[in-house]
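Heads up: the structure comes next, in structure tokens.
Read-outs throughout are calculated quantities, based only on the coordinates presented, and are distinct from any laboratory measurement. The structure displayed is predicted, hence computed values, not measured ones. Here the Cβ is made from the backbone with ideal geometry for all residues, glycine too, and neighbour counts use every protein chain on show.
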Amino acid sequence: MTQNSDEKTGLVGRIWRSINRGPLYPRDDRERKWVVVNNLILHLRPLQLPRKSLKYTHTFGLGGMSLVLFLLLAATGILLMFVYEPSPEGAYQSIRSLENQVLFGRLVRNIHHWSANFLIAVVALHLLRVYFTGGYHVPRQFNWIIGLALLLCVLISNFTGYLLPWDQLSYWAITICTGMIGYVPYIGAWLQQLIRGGPETGQATLINFYTFHTTVIPVLLILLMAWHFWRVRKAHGVVYPRSPGEEREAKPETVLTLPNLLLREVVVALCLVAFIMVFSLIFNAPLGDAANPGMSPNPAKAPWYFVGIQELLLHFHPLFAVVIIPLLAAATLLLIPYLDYGDDTAGIWFMSYRGRLLAVIAAITALAVTPLWIVLDEYWLDLDTWVPGVPSVIANGLIPAGVLLAGLIGFYMTLKKRLSASRDETIQATFVLLTVAFVVLTVTGVWFRGAGMALVWP
């Protein structure tokens, strides 16, 4: 006996009718439950979406990958909590026992460690993707702010989790990072003691970090992610992709979310999980000797995602390296969606063909100038000697910061006048210049700094 589509029963029939006829009217308990699923779960995605937005190279699936990595972290983190002992006496030994005595314990820790590190990279790339496709324009400005809050929470989550193995690497990395906080004027010592739970990194520090890592930060991430996804849904999905010069379509061609988007999301998720699994089988999470507060390793470095700031400390006065420059960078990121933009470039990679060219020029400039500046500052520049009697905050802070600012202004004006770039394109090129420069600083600090933080060849 055959049935037409309107007579289908069961779960498949209810899905079909909800797609083609809209919300169902609950007639029994099963129907009521389906209404909840339809309105709360499936509402995370629209029933239809523009076909062009499915193009993988428009988003690279970075937002969904971030969610998958968070779920991996949550699952493996819960398993690790059954073994981990949050005390200076037992933390390191519990990790050793996990790796050597618990079935698949090393693999679980590897997955957790590498997922956390890849999450930072994926969220940062997602932020850059949104910026370079103009996904921060109306009506998505505030979702950019939520995204920045998510990035901050991810960094704090990794930072607090970094200490938990309680080995030499983690202990001294956290000691260095919390030590940098002491450079904040007036409240630095108070902030440092608040984060550490005392004057030194010890039992109170471990408890504070463990509590934030396992309770406070996960809750904040879940709330912010839900808010972020809801804002994307309210904005009718991701920004609509366009080519330079292409007008926005009034009625773009649409396709059903199920199965078109869902299938792509599942494929990306499975590929990512497979990659993390293989990577975790090949590379073990680092674990050095047990923490020794009386013996610092040489060199002692911050976690890789904060090494760029540590590198700045080698070139600027601490007030500028730890406070002024990071605060200016954060303020700039917060203001990006609220600047006055002249053209509607939402959905266009790098705004225009000229915008792409300027971005390449900016990246090449940063790749050339930043290493040159690092080498010159390492072996030749010594403003404290060149301007004797001048306070260090001026000689190593205000003067080099002024030179840097003058260079940025010169770069901006050159693009604007010599290459006839628009204001929006010039701002974007300057953003690329600063971003690539910070990446170079990070790479230098991770791989090109040896004993005594001297420049070395890796």
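If the only charges are +1 at each Lys and Arg Cβ and -1 at each Asp and Glu Cβ, what is the size of the charge dipole of the chain around the Cα centre, to the nearest 20 debye?
1680
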*Please name which of His317, Leu261, Gln141 has its Cα lying farthest along the dipole of the chain towards the positive end, using unit charges on Cβ (Lys, Arg +1; Asp, Glu -1) and the Cα centre as origin.*
Leu261
*asked:* Based only on other Cβ atoms within 10 Å, what is the fewest-to-most ordering of Trp166, Trp373?
replied: Trp373, Trp166
*Would you mind estimating how fast the range 61-143 diffuses translationally, via Stokes-Einstein at 20 °C and 1.002 mPa s with the Kirkwood radius over Cα pairs, in µm²/s?*
145
*Would you compute, from DSSP H runs of 4+ residues alone, the mean residue ellipticity of the chain at 222 nm, taking -39500 (n - 2.57) per run and dividing by the full residue count, rounded to the nearest 500?*
-19500 deg cm²/dmol
*So how tilted is helix 62-81 from the main axis of the chain? Cα-based, degrees 0 to 90, rounded to 10.*
70
_Spherically averaged projected area in nm², based on the convex hull that wraps the Cα atoms of the chain_ = 28.2
*Spin-label model distance (nm) - Val390 vs Leu47, 7 Å beyond Cα toward Cβ*: 6.9
*Among Met180, Met351, Met413, what is the fewest-to-most ranking by other Cβ atoms within 10 Å?*
Met413, Met180, Met351
_Long-range amide H partners of Val255 with built H, under 5 Å_ = Leu49, Arg51
*Of Ile174, Val102, Gly90, which is farthest along the charge dipole of the chain in the positive direction, counting Lys and Arg as +1 and Asp and Glu as -1 at C-beta?*
Val102
_Please report, in whole Å³, the volume per residue of the convex hull around the C-alpha atoms of the range 153-270._
209
*Helix 10-21 sits at what angle to the longest principal axis of the chain, using alpha carbons and giving 0 to 90 degrees rounded to 10?*
80
*Using mean Cβ contacts within 10 Å as the protection proxy, how do 143-151, 446-454, 359-367 order, highest first?*
143-151, 359-367, 446-454
_Extended-chain gain in nm, criterion 0.36 nm per residue less alpha-carbon gap, Thr57 and Arg264_ = 73.3 nm
*Using only the alpha carbons of the range 315-458, determine the length spanned along each of the three principal axes and report them from longest to shortest in whole angstroms.*
50, 35, 29
*Place +1 on the Cβ of every Lys and Arg and -1 on the Cβ of every Asp and Glu in the chain, take the dipole about the Cα centre, and give the residue among Gly197, Val432, Leu455 whose Cα lies farthest towards its positive end.*
Val432
*asked:* Can you classify the range 67-202 as rounded, prolate or oblate using the Cα gyration tensor, where a ≥ b ≥ c are the square roots of its eigenvalues, rounded means a/c under 1.5, and otherwise it's prolate if a/b beats b/c and oblate if not?
replied: oblate
*Residues Trp114, Trp386, Trp172, sorted so that the one with the fewest Cβ neighbours within 10 Å comes first*: Trp386, Trp114, Trp172
